[in-house]
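Have a look at the structure below, then the notes.
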Amino acid sequence: MKVLIIEDERELSASIYEYLKSENCHCDTAYDFERAIEKVTTTTYDCIILDLTLPKGNGLDILKQIKEKHKQEGVLIISAKNSLEDKVNGLKLGADDYLSKPFFLAELGARIQAIIRRKSFDGNNMMSIGPLILDTVNKTLKSENGTLELTRKEIDLLFFFISNKNKFITKEAIADHLLGNDLYVTNNYNFIYTHIKNLRRKLILEGCPDYIKVIYGVGYKFEIA
C-alpha cells in the first residue's frame, strides 16, 4: 500500500510515517502546497492523507486538482480546524473521510484501510480469488488447506494487482509500489520478475487460473472477473 502524507507539521508527519511504515505501507511526504502538487500529479497512491492548512496554499485546492485529473486515490482529510464548513466542503469536493486533530494513529490507520477496502475491494473484508479467500483486513490468503505462505512482497504485489484488476500495469509502477522511496537503490527490475513468478506459481498450485498476464511492451494485467 502506497500513501502520500501531506502535512506541514514535520513532527506529526514523521509520526504518521513511522506508524504506517510499521503497518507495511510505503509512504511519501510533502510539507507544502507546491511539493504536494508535484507528488499528486506525478505519482499514483492508494491513499492520500491531506492537511487543509499548508504553506503556500490550501489543501482543498489540492483536492480539486486530484478530482479534476480524475485520479482514483482515496483522500483522507486531517485538519486542526474542527469546523462543519471545512468538513462539508472537503466531502463535497470528493474526499472519502475527515479526521480532526488530534487523533490516535491507530484510528488513522483504520480509516485508511476502510477507504482502500471501499475503493479497491467493494467494501469487503473477504474476497474470492478462484478457490482462495483473501482477507483484506489481515492481509492473508487462505485455501481449504490453511493459510498460504506468502512473503510480504508477494502479498503487497497481490493487493496491488487486485486494486488494479483488469488494468495494464507497468513494471515501473510495480517497482514503485513495492520499493517506494527505496527504488533508487536498484537499477534493474529483476526483483519484480522473481516476485511475480513466485506469486503466480503459488496461486496456480492452489488451483487458481493463471490470472497474471504478461502484456509485452507494456507490463502486466491481473485478469479476474
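Remarks
- Between 0 and 90°, nearest 10: helix 10-22 axis offset from the chain longest Cα axis: 20 degrees
- Overall Cα dimensions of segment 28-73 - principal axes, largest extent first, Å: 25, 20, 15
- Taking every DSSP bridge with both residues inside the chain, close to 50 percent are antiparallel.
- Rounded tilt (10° steps) of 59-68 against the dominant C-alpha axis of the chain: 40 degrees
- For segment 93-169: relative contact order, % (alpha-carbon pairs under 8 angstrom, 6 or more apart): 16 percent
- Helix 33-42 vs. the chain, principal-axis angle (Cα, 0 to 90°, nearest 10): 20 degrees
- Note that segment 112-225 shows a convex hull volume over its alpha carbon atoms of 105 Å³ per residue.
- Most mobile listed residue (SER100, SER163, SER83) in the chain, GNM with C-alpha springs under 10 Å: SER83
- Note on Kirkwood radius over Cα pairs in Å: of the candidates (i) 19.2; (ii) 18.0; (iii) 18.5, the value calculated from this structure sits at (iii).
- For TYR193, TYR45, order by how many other beta-carbon atoms lie within 10 Å, fewest first: TYR193, TYR45
- Surface/4 estimate of mean projected area, convex hull on alpha-carbon atoms of segment 58-186, nm²: 10.2 nm²
- Residue among GLY109, GLY207, GLY59 with the largest mean-square fluctuation in a Gaussian network model of the chain, springs linking Cα atoms under 10 Å: GLY207
- Principal axis dimensions, segment 2-120 - Cα atoms, whole angstrom, descending: 31, 28, 27
- Summary value for the chain: 15 percent relative contact order, contacts being C-alpha pairs under 8 angstrom separated by 6+ residues.
Read-outs: derived from the displayed coordinates by stated rules, not from any lab. The model shown is predicted, which means the values in this text are computed figures rather than measured ones. Glycine also receives a Cβ, built like all others from the backbone with ideal geometry; neighbour counts cover every protein chain displayed.
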